[in-house]
Amino acid sequence: MTKTIFCIFTLGWLLARPALQAANESTPFNPENFRHREVRAVRLDQPLVIDGFLKEELYTRPPHTTFIQLEPDNGEPATEQTRVWVGYDNTSLYIGARLLDSHPDSIIGYMSRRDRGSASDEFQVAIDSYHDHRSGFFFVINPVGSIQDGTISNDGNMDDTWDGVWYRKTRIDDRGWTVEMRIPFSQLRFHSDGSENIMGIAFGRQIQRRNEHSLNYYQARGESGLVSHFATLRGIEQLQPPKRLELLPYVTGGYSALPSEKANPFYHGKDSHFGFGTDLKIGIGNNLTVDATLNPDFGQVEVDPATINLSAYETYYEEKRPFFVEGSNIFQFGNGGPTNRFGFNFSEPDFFYSRRIGRAPVRYPAGDWVKLPTATEILGAAKISGKLPGQISLGGLTAVTQREFAEVRDSSGAISKVEVEPLTGYSLARLHKEFDDGREGLGMLATVVKRSFADDALRELLNDQAFSGGLDGWTFFGPDRNWALGGWLGLTHVQGSRDRITSLQQNSSHYFQRPDATHLTVDTTRTSLTGYGGRFMLNKEQGHVTFNASLGFLTPEFESNDLGFTFGTDRINEHLVVGYKWWDPGKIFRYAALNLAHTTNHNLEGLKINEMVFFFGYLQFLNYWNVNWFSGWGPQTISDTKLRGGPLVVSPDGLFMHGGIDSDRRKNVTLEIGGGWNRSSVGARGWSARLELGWKAGPNLRLRGEVRYRVNREMDQYVTSWSDEQATAMYGRRYLVAQLDQKTFSSEFRFDYTFTPTLSFQAYLQPYFGTGAYSHFKEFTRPKSYDFMEYGQDNGSTLETTEEGDYILDPTGGDDGDSHYLSNPDFNYKSLIGNAVLRWEFTPGSTLYIVWTSNAGDYRNPGDMDLPRDLRHLLSQASDNVLAVKVTYWLGR
């Protein structure tokens with residue numbers, strides 16, 4: 001029967017082909033005819049065998065064809081034909097494709113581990129399962145079976161942190177290559193009422209040797225959005241998928257060799273651990289999912305990079321733990337609508353920063369020897385996410401971390417336990433509704449943090465409880481959604497002891513203690529702070545002209561750091577960006593964009609704190625080499641943060657520029673060169689250089705090396721401050737700054753070998769060298785100026801160096817008792833971080849990890865960089881090594 005149907009189809013195609021060719025010759029190709037297309041899915045009597053052979057009855061039916069180039073010749077037919085078939089049963093969606101190629105020997109397929117792009121030919125599928133024209137899932141596979149997958153939000157934001165459980169197979173033959181996929185409906189989210197399930201769908205093809213990307217629909221250059229252009233998938237009817245239930249138990253164990261803790265009686269230079277737990281996914285209907293975890297393992301596979309932070313602010317690290325990474329886009333707040341989200345000199349706060357949960361304890365108790373937990377144990381966590389009928393998105397998260405204690409041994413040998421982190425509960429709720437087919441949206445977010453203390457000393461370091469909430473939304477307007485307006489408004493409220501709230505008012509995010517501020521004052525009787533913030537942005541979404549404008553504000557009391565992240569407050573920020581894009585290839589450039597921006601910051605007292613003008617752009621040559629740059633100039637203003645709670649002082653004018661050149665990514669050898677330069681009117685200056693080389697040394701092996709070098713001189717680097725009644729002009733304190741000459745050399749080397757698409761090995765090595773030498777110690781002599789008194793040079797002041805290399809500073813000289821002792825702030829920090837990971841996905845969703853990490857550090861010769869000597873010192877240090885094994889096994893349907 002199958003052979004008969006196939007013969008009839010083939011005969012019909014041969015008879016119709018001359019007429020079709022004649023019609024094509026007489027009718028010019030018009031890509032506008034390929035907008036809003038429709039794809040039909042066929043119900044299958046039995047599941048497809050996912051083997052890449054395309055031999056089942058589904059493939060005797062007419063395929064979905066005609067792909068249109070997105071690049072390089074936008075709007076022209078694809079140079080090679082692609083045929084796609086879609087089928088389904090009650091459990092899964094099936095997709096098969098025949099990707100014809102006139103030169104099959106030129107097909108490019110590199111193996112890489114999951115979600116690592118490989119610069120290969122690709123077949124791409126994206127599914128808008130809710131048919132909301134804004135969100136979806138994507139699945140990508142190359143000719144040798146390496147895959148990428150993830151989620152789409154805000155009509156174009158791609159997030160590859162979601163790892164679905166789906167089945168696939170590819171084959172290369174003398175006609176091109178084939179793909180078969182089975183995507184279980186349990187991995188998608190959709191509304192099901194027993195009738196037809198309408199979805200959006202897109203197919204894409206990448207032909208790497210031509211840099212050609214084609215789609216099954218037409219999207220003109222300059223048109224924003226992604227999901228809103230998808231074809232409509234029809235034909236999925238009377239769907240009765242099974243109940244969704246997934247179980248992911250795990251077992252983990254490890255051993256640590258810790259030479260740095262050899263003398264510590266709590267470790268004796270070694271440690272070990274063993275753990276087990278499980279993750280659980282339960283489907284509530286087809287559109288909501290509950291994720292729960294019991295006794296979770298929230299360790300991350302790759303370590304954080306080394307840094308030196310000389311600012312007053314906390315370092316922000318990316319989340320890498322799978323439970324928090326997967327599906328995190330549901331909790332994003334305030335970024336819907338406009339597709340350009342510039343942030344010039346405005347640190348937009350996060351209401352949810354998941355690394356707060358399970359962080360390192362905040363307290364380090366005093367003692368001769370201390371055994372401190374490296375992280376706070378998470379007793380349990382759960383999430384709910386999905387989309388309800390009526391285009392309502394829902395998300396919720398709750399987690400509980402246990403009370404942590406450090407073991408402390410004093411000089412007598414007595415051991416005690418000290419609370420270093422309280423029992424804490426974290427909760428987050430997110431609700432969002434879209435209107436008018438995604439043209440408008442309105443949402444809310446709320447967070448709660450509550451702590452239970454056993455030791456009141458901890459209440460001086462942490463808030464008792466914290467609340468935050470906000471509204472966000474967007475609207476598109478214009479006949480083709482030419483413009484977008486988006487924004488958010490939020491508030492925060494924290495409560496704690498008087499000592500805690502007094503300390504909070506004076507930390508680097510607030511600086512209420514500024515003596516010359518007319519709108520701020522430290523209130524030692526307060527037990528709470530309530531702050532407000534917001535930001536609104538207008539963006540031109542279509543066309544050659546770029547236009548973006550924004551206005552944002554944060555009141556001084558805004559504080560989201562219990563479950564979010566706030567850098568600084570007391571700001572009113574505005575920016576305006578205009579630019580132009582050329583996307584039609586010319587004689588030299590394939591693409592070009594130039595932009596000019598202006599931005600200012602004021603505090604809520606109305607003082608201008610910062611002003612900048614930026615010029616930046618991007619050029620792509622016809623040979624696919626790229627040039628980018630970002631430059632800026634700022635006039636003299638005043639700073640309310642330079643002295644870290646001190647009075648206003650002048651911030652000098654300055655300018656900077658940085659940029660880079662990178663080569664054609666299609667090639668086996670790739671090159672990136674970058675650098676920067678900055679200078680101010682008072683002598684501050686610096687430069688940097690970066691070189692990166694990549695080599696695809698075969699279909700399985702990829703090597704990458706990067707080297708960075710930076711030299712920087714600051715003329716007024718903050719050092720410290722102390723009280724002195726004689727410093728009347730500076731409100732009774734002396735604020736010490738210095739010239740800082742800083743050098744940084746860092747490199748990064750990566751080795752990736754992929755044995756099969758499901759078995760890979762990656763190694764990572766980062767040597768890091770950073771030095772800083774302080775000199776010309778001086779203090780500001782009056783506010784709103786750039787006037788100094790240099791120690792040992794001006795006004796009879798003295799600067800003495802002790803035998804240990806520290807300093808004694810006396811602002812007046814003599815024996816009047818106003819001298820100040822300063823430990824030498826010079827530094828020479830060296831580290832060597834290594835990381836190696838073997839990943840084996842032995843069945844879909846089930847993975848074995850073997851992870852090795854190594855860390856060595858050295859601090860000798862502060863202030864002086866000598867790379868050969870420093871490297872010898874670093875290599876002579878014994879490193880801490882950790883070997884860990886983790887096995888997860890997926891049980892689901």
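The values are calculated or read from the model by the stated rules, or taken from the named source; none is laboratory data. This one's a predicted model, so the numbers in the text were calculated from it and none came from an experiment. Positions of Cβ are generated from backbone atoms using ideal geometry, with glycine treated the same way; all protein chains shown enter the neighbour counts. Surface accessibility is based on the protein's heavy atoms, side chains included, excluding ligands, DNA and RNA. Shrake-Rupley method; radii C 1.70, N 1.55, O 1.52, S 1.80 Å.
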| query | What accessible surface, in Å², does a 1.4 Å probe find on THR527, ignoring ligands, DNA and RNA and rounding to the nearest 10? | reply | 70 Å²
| field | Set LYS450/LYS886; LYS55/LYS387; LYS169/LYS281; LYS169/LYS243; LYS371/LYS450; LYS281/LYS450 screened for pairs whose C-alpha atoms are more than 29 Å apart | value | LYS450/LYS886; LYS55/LYS387
| note | Here the gain from full extension of LEU693 to ASP866, 0.36 nm per residue of separation minus their alpha-carbon distance, amounts to 59.8 nm
| query | Can you give the FRET efficiency for ASP815 and ARG782, using 1/(1 + (r/R0)^6), R0 = 35 Å, r = Cβ-Cβ distance, to the nearest 0.05? | reply | 0.85
| said: Can you work out the Karplus-derived ³J(HN,Hα) for every residue in region 376-385? Use 6.51 cos²θ - 1.76 cosθ + 1.60 with θ = phi - 60°, whole Hz, and x for glycine or proline. | reply: 7, 6, 8, 5, x, 8, 8, 9, 10, 8
| Taking 1 over the mean of 1/r across every pair of different Cα atoms in region 249-290, what Kirkwood radius in Å do you get? | 13.4 Å
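What whole-number value in cubic angstrom gives the convex hull volume per residue for the C-alpha atoms of region 364-446?
Spelled out: Cα convex hull of region 364-446, divided by residues, is 100 Å³.
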| Per the Kirkwood formula on distinct C-alpha pairs, the Rh of region 96-241 is how many angstrom? | 16.1 Å
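Can you sort GLU56, GLU725 by solvent-accessible area, 1.4 Å probe, largest first?
On the way: GLU56 35, GLU725 170 Å².
These residues rank, largest area first, as GLU725, GLU56.
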| query | Rounded, prolate or oblate: which fits region 794-893 when a ≥ b ≥ c are the square roots of the eigenvalues of the alpha-carbon gyration tensor, with rounded for a/c under 1.5 and prolate only if a/b beats b/c? | reply | prolate
| So what's the Cα pair-distance distribution over region 500-589, bin width 10 Å, in %? | 14, 33, 21, 15, 11, 5, 1
| request: For the chain, find the longest principal axis of its Cα atoms and tell me its angle to the long axis of helix 2-26, 0 to 90°, nearest 10. | output: 80 degrees
| Nearby lysines by direct alpha-carbon distance to LYS778 (threshold 22 angstrom, same-chain neighbours under 8 apart not counted) | LYS642, LYS743
| Once fully extended, how much extra length lies between GLN46 and ASP160, figured as 0.36 nm per residue of separation less the alpha-carbon to alpha-carbon distance? | 37.9 nm
| When the scattering of the chain is computed by the Debye formula from its Cα atoms alone, each counted once and equally, what is log10 I(q)/I(0) at q = 0.05, 0.09 Å⁻¹? | -0.34, -1.12
| request: Compute the separation of the alpha-carbon centres of region 577-633 and region 384-459 and state it in Å as a whole number. | output: 39 Å
| said: Between helix 867-876 and the chain, what is the angle of the helix's C-alpha long axis to the longest principal axis, kept within 0 to 90° and rounded to the nearest 10? | reply: 80 degrees
| field | Among LEU397, ILE95, GLY156 - extreme Cα towards positive end, dipole of the chain, charges at beta-carbon | value | ILE95
| query | Probe 1.4 Å, all protein chains in place: accessible area of TYR859 in Å², nearest 10? | reply | 150 Å²
| field | Equivalent ellipsoid dimensions for region 699-837 as semi-axes, Å, which come from the Cα gyration tensor, largest first | value | 49, 15, 12
| query | Label SER102 and ALA414 with points 7 Å out from Cα along Cα→Cβ: what is the distance between them in nm? | reply | 8.8 nm
| request: Would you tell me the accessible area of SER663, worked out with a 1.4 angstrom probe on the heavy atoms of the protein chains, in Å² to the nearest 10? | output: 10 Å²
| field | Residue-averaged [θ]222 nm for the chain, counting only DSSP H segments that reach four residues, each worth -39500 (n - 2.57) | value | -1500 deg cm²/dmol
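So if each residue of separation counts as 0.36 nm, and I subtract the Cα-Cα distance between LYS433 and LEU848, what length gain in nm does that give?
Extra length available between LYS433 and LEU848 comes to 145.4 nm.
Only Cα pairs under 8 Å and at least 6 apart count here; give the relative contact order of the chain as a rounded whole percent.
Computed value for the chain: 8 percent relative contact order.
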| message | Using each residue's phi in region 422-438, evaluate 6.51 cos²θ - 1.76 cosθ + 1.60 at θ = phi - 60° and report the 3J(HN,Hα) Karplus result to the nearest Hz, with x for Gly and Pro. | response | x, 5, 9, x, 10, 9, 8, 10, 9, 9, 8, 10, 9, 10, 6, 6, x
| query | ARG221 to LYS243: FRET efficiency via 1/(1 + (r/R0)^6), r the Cβ-Cβ distance, R0 35 Å, to the nearest 0.05? | reply | 0.20
| said: Let me spell out the model: positive unit charges on the Cβ of Lys and Arg, negative unit charges on the Cβ of Asp and Glu, origin at the Cα centre of the chain. What dipole size does that give, in debye rounded to 20? | reply: 2720 debye
| said: Let me see the P(r) profile for region 652-765: every Cα-Cα distance counted, bins of 10 Å, each bin given as a percent of all pairs. | reply: 12, 25, 22, 17, 13, 7, 4, 0
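Quick one: Cα convex hull volume of region 767-849, Å³ per residue?
It comes to 213 Å³ per residue, whole-number rounded.
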